[in-house]
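> Before anything else, here's the structure in question.
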Amino acid sequence: MVVGEVRTEVDVAVIGGGPGGYAAAIRLGQLGKSVVLIEKENVGGVCLNKGCIPSKALIHTASKFEELSRVEDMGIQLQEKATMDLGKWQERKKRIISQLTSGIQHLCNKNGVTIVEGKAYFLSDDRIGVETSGDFEVYQFENAIIATGSEPAPVPFATIDHEYILNSTSALELTEVPDSLLIVGGGYIGMELGMALAKLGSDVTVVEVAERILPATSKHLTKEVVKKAKRLGMTIQTSTYVDSMEVENEQVVVTLREGDTTKKQTFAKAIVTIGRTPRTKELGLEQIGVTMDERGFIPIDETCRTNIPHLFAIGDITAGPALAHKATKQGIVAAEVIGGLPSAVDSPFIPYAIFTDPEIAGVGMTVEEAKEEGYEVKTAHFPFQANGMALATDAQDGFVEVIVDKETHLLLGCHIVGKNASQLIGEGVLGLELGVRAEDIALTVHPHPTLTEGWTEVTQAILGKAIHILN
Amino acid sequence: MVEFKLPDIGEGMTEAEILQWFVKEGDEVEQDEPVLEIQTDKVSAELTAPKAGIIDQIFFKEGETVEVEATLFTIRSSDEAPQETVSSSPKAEEKQQEEERPKNESTSIPAPTNRLKRALATPYVRQLARELNIDIDEVEGTGPIGRVLEEDLYRFKEGASETKETKPVTSQTEAATPTPVPATSGGERRIPLKGIRKTIAERMVKSVQTIPHVTHMDELEIDALRKLRHSMKEYYESKGVKITYLPFFVKAVVAALKEFEYFNASVDDETNEIVLKDYYHIGIATDTEHGLVVPVIRDADKKSIVEIAEEINELATLARKGQLRVDQMTGSTFTISNVGPVGGNLATPIINHPEVAILALHKITPRTVVKDWESVIRWMMNISLSFDHRIIDGVLAVKFTNYIIERLENPNLLFMEMR
């Protein structure tokens, strides 16, 4: 017997237990593969532990809290002014997370997936070492799926101390609402967190380098958000740079520069949300020859294969939007390909959802993209102000927009601004995948009274026969 | 050492079944000596040794289906040493190579196809395309605004296997093994649809799908022709020629085709044109052990009844032996199906696409008919003419049939019109 490392043989090693990795592991288990799922922190990944889910819990709470200030005209009288205990909220957040993570552990377990906690490192293209608490385990695999995700991008102008200067992760650990707050970066994470904390009572300033907030989203879709942000008392400074950021006297002192003018401002806390960066370093990927681009993303084909055919990469470490549902789809596809099934990620229809107030969600092409693809387009809008349910439930801000091919009325894209945009977009995603035409939606009966009637109206508007707006 | 590969022996064949080996490994053969017999979906053929020597290795068994360019056997000169390879067939080696893809070999990454503009299809159909190994962008969709439907994929797949698909080598003995059925069922047998049967199936589907068929039926008195045939029969039999009714029918049909040119035609679906032909190649539907084949009498207008009779006999014999050449069974402009000798009164024959009409001739029987207000007994025959209603209307079909009937009821007309 050879003395040396003891290795466990598995069919597949999945590195990273986020929404991509755990979905892949479960699917592999279903396909009868032996799987080890290596996670250095908690299964569920960023999404579940410090991203999507806790941020939505915060946004939900903030919305409820903010609505309380507007319930009087509904006839509700509050005896006392509502107060917010963010420490108590943290307990709720932890409950939600632990319920979800234990669910994933249970599912992994039942599907024969072994979860190993530790930091992984590729020793060769068929062996991976895992540093667990005080031990080192080696797994030999036939295939591996790299699903290590992303983390907040490094900040050149400040040191994240997680106490005064926070990133998106530590922002969700706050136990008190700061009196004043600077958000650096007006992308979707910054705007979601900024609006939520503004609703909870913080005096929020957002600075953004671009000339408008949510620069990656079409301008006409962001107007309602800007309006609402102003109504919440937020200060938005665009085309503005952070020259310096220091902690002085338990406060954050920043120098902001807009054009030629600079000014010094002080905030109780600052949250830096200037993007995310793929976690592909310190995994040994260079040594085993996995190709990466200059920003650290791993190029893959439509089966999620890297340049080394038995290694797959999924999720935030691949090009495209860093979205959990993209990672999940890729994870399932990679698992099925490893299982010998003819699976592929072949859809351009990855929806996006921004949980600002109001929400913005969309899928498919924008007008510009459609024109670039050679379509002659026709668009229509339906404002929620013309929808009964929207008025009854305080959801009148926003609209549904569809983009169709002028001749065939083939649905090309849809974008929704509004209270439940993220839920409503589901119909658009299915519509695009099925290749529906405006007529298909217009002729479908949607329930009344609901916001989904917006779909009927907007597609009827394409055909020049909307009932509740003038055509 | 010479490797003998399956040649393409005509009309875009992609594969053939090995019917019989005439030799075994180690046998000595002369140049041009038959080595094996193969069967494609159209013809069977003997393949001969390219040079004299000793059969070194034989790679496929009888009953196996092989594709064009596959090595069938190797032949070595009498003084060459036998090849010391393991007697595994090349397909096994290929498979092994495929499985043992070197692991750390870096490959280039094809770009993902999730681009914005793509073939219109539901996710289910996309997945099905992957399962069928079809590039969905190559499929012409027949659904609304060009949507690719499930059946489009199957149609595409069929089309591909007809023309260019490179199928993996499959063993016929395996394919023919009946699928086990549960003991409780009444029992059924599964026979692979292949070879001539498959070709027939595909052609019939194509014809019925493309052509709106109408069948016109009529009857004619055969007494005069019967007399004529009997009077000639003995004379020609002494010369070794068997005179049947068929050559007369062929001649009458050719006369009608000359008069009604739209029956000697085809439709070019791609250009939307009717193609009228000034050559008269008459296909004769012939029953064989393997199924229906249609040998062709070329330039029937330029041949005498006796010549046609001789040719029909020759072709029918070859057809039954499965020895027709491709050029002997393609290119007909009109087809006659003479089912009369077997029996039956009427039929609705399917047109031999891309032709536009087919004539079925039925059993000759004595029947009571009315002539000059009297019941008399005459030798009668029914005929059924299916025609392509896209380009031929009913009245024209009746006229065409009448023209044939006229010549068969009064065969002197054939003689009078002879060139």
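> Which of B:V253, B:V125, A:V10 has the fewest other C-beta atoms within 10 Å, and how do the rest follow up to the most?
A:V10, B:V125, B:V253
> Which entries of B:K258/B:K399; B:K5/B:K321; A:K326/B:K117 have Cα-Cα distances beyond 21 Å here?
B:K5/B:K321
> Tell me, what is the FRET efficiency for B:Q31 and B:Y236 to the nearest 0.05, using R0 = 51 angstrom and their Cβ-Cβ distance as r?
The computed FRET efficiency comes out at 0.75.
> Quick check on region A:361-430: what does the Kirkwood estimate of hydrodynamic radius come out to from the alpha carbon pairs, in Å?
Evaluated over region A:361-430, this radius sits at 12.5 Å.
> I'd like the mean, over residues of A:363-376, of how many other protein chain beta carbons sit within 10 Å of each residue's own Cβ.
1
> Next question, about the same structure. In the structure displayed, which of B:K157/B:K206; A:K94/A:K281; A:K50/A:K219; A:K56/A:K110 lie more than 18 Å apart, Cα to Cα?
Check vs 18 Å cut-off fails for A:K94/A:K281; A:K50/A:K219; A:K56/A:K110.
> Would you mind giving the mean number of other chain beta-carbons within 10 Å of the Cβ of each residue in A:120-128, as a whole number?
Mean partner-chain Cβ count within 10 Å for A:120-128: 1.
> Any idea how far the Cα center of region B:292-345 sits from the one of region A:259-298, in Å?
80
> Continuing with the same structure: Cross-link partners among aspartates and glutamates for B:K24, C-alpha distance below 19 Å, same-chain residues fewer than 8 apart left out?
Partners found: B:E3, B:D32, B:E33, B:E37, B:E46, B:D56, B:E62, B:E64, B:D79, B:E80, B:E84.
> Then there's this: Report relative contact order for region A:118-261 in percent, whole number only (criteria: Cα-Cα under 8 Å, sequence separation at least 6).
Here the relative contact order equals 16 percent.
> For region B:213-417, just run the numbers: alpha carbon Rg, then divide by 2.2 N^0.38 Å, N being how many residues it has.
Cα-based Rg divided by the globular estimate yields 1.01.
> Once amide H atoms are built 1.01 Å from N in the peptide plane, which residues 5 or more positions from B:A70, or in another chain, come under 5 Å H to H?
Amide H neighbours of B:A70: B:L6.
> Treat each spin label as a single point 7 Å out from the Cα along the C-beta direction, and report the A:E294 to B:V214 distance in nm.
Distance between label points: 7.3 nm.
> How high is the FRET efficiency between A:D260 and A:H448 when r is their beta carbon distance and R₀ equals 41 Å, given to the nearest 0.05?
0.15
> Also: Compute the distance from the alpha-carbon center of region A:173-206 to that of region A:209-252, in whole Å.
Cα centroid of region A:173-206 versus Cα centroid of region A:209-252: 10 Å apart.
> Now for a different question. Straight-line reach only, C-alpha to C-alpha below 14 angstrom: list the aspartates and glutamates that B:K251 could link to, leaving out same-chain residues fewer than 8 apart.
B:E259, B:D299, B:D301, B:E307, B:E310, B:E311, B:E406, B:E409, B:E417
> Using the structure shown, select from A:K230/A:K465; A:K230/A:K419; A:K81/A:K269; A:K199/A:K223; A:K93/A:K329 the pairs with a Cα to Cα distance greater than 29 angstrom.
As for pairs spanning more than 29 Å Cα to Cα, those are A:K230/A:K465.
> With a point put 7 Å past each Cα toward its Cβ, work out how far A:T235 is from B:T348 in nm, to one decimal.
Spacing of the two 7 Å Cα→Cβ label points: 8.6 nm.
> Next up: Ranking B:H213, A:H162 by Cβ neighbours within 10 Å, fewest first, what do you get?
Least to most surrounded, the residues fall as A:H162, B:H213.
> Can you work out ³J(HN,Hα) from phi for every residue in region A:265-274, in order, using Karplus 6.51 cos²θ - 1.76 cosθ + 1.60 and θ = phi - 60°, giving whole Hz and x for Gly and Pro?
9, 10, 10, 5, 9, 9, 10, 9, 10, 10
> Enumerate the lysines that B:K363 could reach by cross-link, defined here as Cα to Cα under 18 Å, with residues fewer than 8 away along the same chain left out.
Candidates past the 8-residue exclusion: B:K227.
> Shielding by partners for B:125-132, please: the mean number of other protein chain Cβ atoms within 10 Å of each residue's Cβ.
The mean count of partner-chain Cβ atoms within 10 Å per residue comes to 3.
> DSSP H helices in chain A with Cα extent of 27 Å or more along the helix axis and mean Kyte-Doolittle hydropathy at least -1.0?
Sorted by number, the helices that extend far enough and score high enough are A:86-110.
> Considering chain A, what Rg and Dmax in Å follow from its alpha-carbon atoms?
Answer for chain A, Rg first and Dmax second: 24.1, 83 Å.
None of the figures in this text is laboratory data; all of them are computed from the coordinates on show. Since the structure is predicted, the reported quantities are computational estimates derived from the model, not experimental observations. Reconstructed Cβ throughout: ideal geometry from the backbone, glycine too, with neighbour counts over all protein chains shown.
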